[in-house]
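The next block holds one structure in the form of structure tokens; read it before the comments.
The values are calculated or read from the model by the stated rules, or taken from the named source; none is laboratory data. Because the structure is a prediction, the values reported are computed rather than measured. Positions of Cβ are generated from backbone atoms using ideal geometry, with glycine treated the same way; all protein chains shown enter the neighbour counts.
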Amino acid sequence: MDLGIAGKRAAVAAASKGLGLGVAQALAAEGAQVAICGRNRDTVDRAASGLGADAVAIVADVSTVDGATGFVREARAALGGIDILVLNAGGPPPGDFAHTTVDQYRDAFELNCHGAIAMCYEAVPEMRERKWGRVVAITSIAVRQPIPTLILSNTARAGLTGFLRTLAREVAGDGVTVNSLLPGLHATDRVAALHASPEAAAAGIPAGVIGDPADFGAIGAFVCSEHARYLTGTAIQVDGGAYGALL
């Protein structure tokens, strides 16, 4: 299926590896011009080299508002504009209520909510002017079903989801869609750090395995596509069937 995004300009945050890279690879395969960022020059350069000769590698830390805004500005300058914005960032440290300080919530909000909001403020106005745009956030299944020992992530990502749902309604009439993808467990460094083994992580997942970032990326690319123009304000779980509630 031709997704209709060849030539579109995509900025994919925190995409030197993991799920962000999976989405960037899928977008590049569809002919989109892609700019990615990461905190380490060697890592982001290596990732960009696998996306094609036109991919842009930017060193940026999107865990701060300045870093997040700077990434979008550099991506716009390099690509000549941004049609697709993929919001992504690493997760805050694990912890429960009893072992988490009040100040840690501020840091988690900066990492998983404030920076993403800043990127939207930087990129969405030009999308509205052109009457076409796609914003896709990589959040977590935790916004539907809080994950034990990840109280910081549960809280900050839920806040971002509220912002995205509100933004989606405001910009829908301008041809801009805003959606989020809620990954369950995928083969990423984050999951490896939190679980003893892939087999242990897969326990309880109806699909029987943890996810492949490439499969996740394909879903992300479709949500960015021309075919998905009527899909907005959604939070789509991508978790191998692990989420068990009716709604």
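For this structure, a couple of remarks:
- Of all the criteria given as (1) surrounded by fewer than 20 Cβ atoms within 10 Å (Cβ to Cβ); (2) modelled with pLDDT of 95 or more; (3) under 23 Å from Asp61 (Cβ atoms), the one not satisfied by Gly90 is (2).
- Subset of segment 28-57 (residues that are closer than 21 Å to Ala116 by Cα, in contact (Cβ under 8 Å) with a residue 24 or more places away in the chain and part of a loop (DSSP other than H, G, I, E, B)): Asn40
- Any chance Ala203 is surrounded by fewer than 18 Cβ atoms within 10 Å (Cβ to Cβ) and under 22 Å from Leu87 (Cβ atoms): no
- The residue of segment 80-114 that is farthest from Pro146 (Cα to Cα), among those that are part of a loop (DSSP other than H, G, I, E, B) and in contact with a Gly (Cβ under 7 Å, 6 or more places away or on another chain), is Asp83.
- When Arg144 is tested against the conditions (1) buried (at least 22 other Cβ atoms within 10 Å of the Cβ); (2) under 29 Å from His227 (Cβ atoms); (3) touching a Leu at 6+ places or on another chain (Cβ under 7 Å), the lone failure is (1).
- Scanning segment 129-159 for residues that are part of a helix (DSSP H, G or I), farther than 21 Å from Leu27 by Cβ and without any contact (Cβ under 8 Å) to a residue 60 or more places away in the chain gives Glu129, Ala142, Ile151, Asn154, Thr155, Arg157, Ala158, Gly159.
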